[in-house]
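A quick write-up on the structure given underneath.
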Amino acid sequence: MFLRSFRLTGLLLATLVAAMVASLGTAWANEFKVAIVLPGIITDKSFNQAGYEGMKRASDKLGIEFAFSEKTAQPDQPQALSDYARRGYDVVIGHGGEFQESVERVAKRFPDTRFIIVNGTKPGGNVSTMSFDFPALGYVMGYLSGKMSESGKGGYIGAQKLKFYVELGEGFTKGFKDARPDGEVFTAWTNDWDDVAKGKEAALNQISQGADVIFPSMDNAVVGSLQGAKEQKKKAIGIYYDAIADWPDTVLQSAIFDLRNALVTILSTAKDGKLEGKAYIYGLETPEAARIGTYHASVPEDLQKEVSGLIDDIKAGKIKTR
């Protein structure tokens, strides 16, 4: 009798355990998984770090599983993207406009996977793009720089001539010249996102030509440009985060393209099954994703108010930023 009762209890326990395992297996199978492939390192205090931290924030807020690959050279992009798609990730992100061609190629082979290209230019099908209103933020930074410049000369430094970074520089130049009609803006392209020495060299070259406000828009190489400006006691514009926290003597203001919040927003849409093959663009009208940062103490209060009014006019469509 006791033996039979024990056997029944053991059978019931085994059944319960099997049911729990099956339930957990279903939960694991249904977990929403996202992977991001990054061109640089996750500690660059710029584009790549913002992307990585955005994924962490999305994981915490949305309860998604995420994986990442950093410092992925362009020739290795297709393989990295394909690996994640093959392993069943629901969304695979190419972090940067340089992923456009690779994602387009890989997406055709994995039609059931959603792909997102940060700063991409050609959405469609199972490919979405996520970017910002770069000309608008560039214009605001250029206007402020033009007003604050003593020499009447500024500098913009980019890595590759990708569409959005070209537009960012054009916006900066237009804003600078609207603030300073007799002003001049130098533009340089380093062809390297992460080389700190090249970033510094480009900044020093522009400073030697008279530029006293520099706007670098690379990844880790931004650090070199800011170092150059600091050493020469010139001013600079930060990018992606409120850079005055790390460069209190150098940064006048920052163009904050908040990849962290933008990624949470677009991945929330993806998790809900509503992600479309279109362009998702965030501008000054969505300050949680695109905004300015903290002013340097040298920026007069009346100029701060003028810039605030400028932003309102841009949002209202009263000012053309390109």
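Going through 108, 56 one at a time, which residue ends up being part of a helix (DSSP H, G or I) and out of contact with any helix residue (DSSP H, G or I) (no Cβ under 9 Å at 6 or more places or on another chain)? Every option except 108 fails the conditions. Taking the conditions (1) out of contact with any Pro (no Cβ under 9 Å at 6 or more places or on another chain); (2) surrounded by fewer than 16 Cβ atoms within 10 Å (Cβ to Cβ) in turn, residue 71 satisfies each one other than (1). Of all residues in segment 68-92, those being hydrophobic (A, V, I, L, M, F, W, C) and over 20 Å from residue 273 (Cα atoms) number 4.
Which residues, taken from segment 54-71, are closer than 17 Å to residue 115 by Cα and not aliphatic (A, V, I, L, M)?
54, 65, 66, 68, 69
Being surrounded by fewer than 17 Cβ atoms within 10 Å (Cβ to Cβ), out of contact with any helix residue (DSSP H, G or I) (no Cβ under 9 Å at 6 or more places or on another chain) and without any contact (Cβ under 8 Å) to a residue 24 or more places away in the chain: is that true of residue 83 here? For residue 83, the condition - surrounded by fewer than 17 Cβ atoms within 10 Å (Cβ to Cβ), out of contact with any helix residue (DSSP H, G or I) (no Cβ under 9 Å at 6 or more places or on another chain) and without any contact (Cβ under 8 Å) to a residue 24 or more places away in the chain - is met. Applying the condition of being among the β-branched types (Val, Ile, Thr) and not in a loop (DSSP other than H, G, I, E, B) to segment 237-250 and asking which residue is surrounded by the most Cβ atoms within 10 Å (Cβ to Cβ) yields 237. Residue 21 falls short on exactly one of the conditions (1) β-branched (Val, Ile, Thr); (2) at pLDDT below 95; (3) touching a strand residue (DSSP E or B) at 6+ places or on another chain (Cβ under 8 Å), and that condition is (3). Here residue 189 fulfils each of the conditions (1) out of contact with any helix residue (DSSP H, G or I) (no Cβ under 8 Å at 6 or more places or on another chain); (2) surrounded by 22 or more Cβ atoms within 10 Å (Cβ to Cβ); (3) aromatic (Phe, Trp, Tyr) apart from (2).
The values are calculated or read from the model by the stated rules, or taken from the named source; none is laboratory data. This one's a predicted model, so the numbers in the text were calculated from it and none came from an experiment. As a convention, Cβ positions derive from the backbone with ideal geometry for all residues, glycine included, and neighbour counts pool all protein chains shown.
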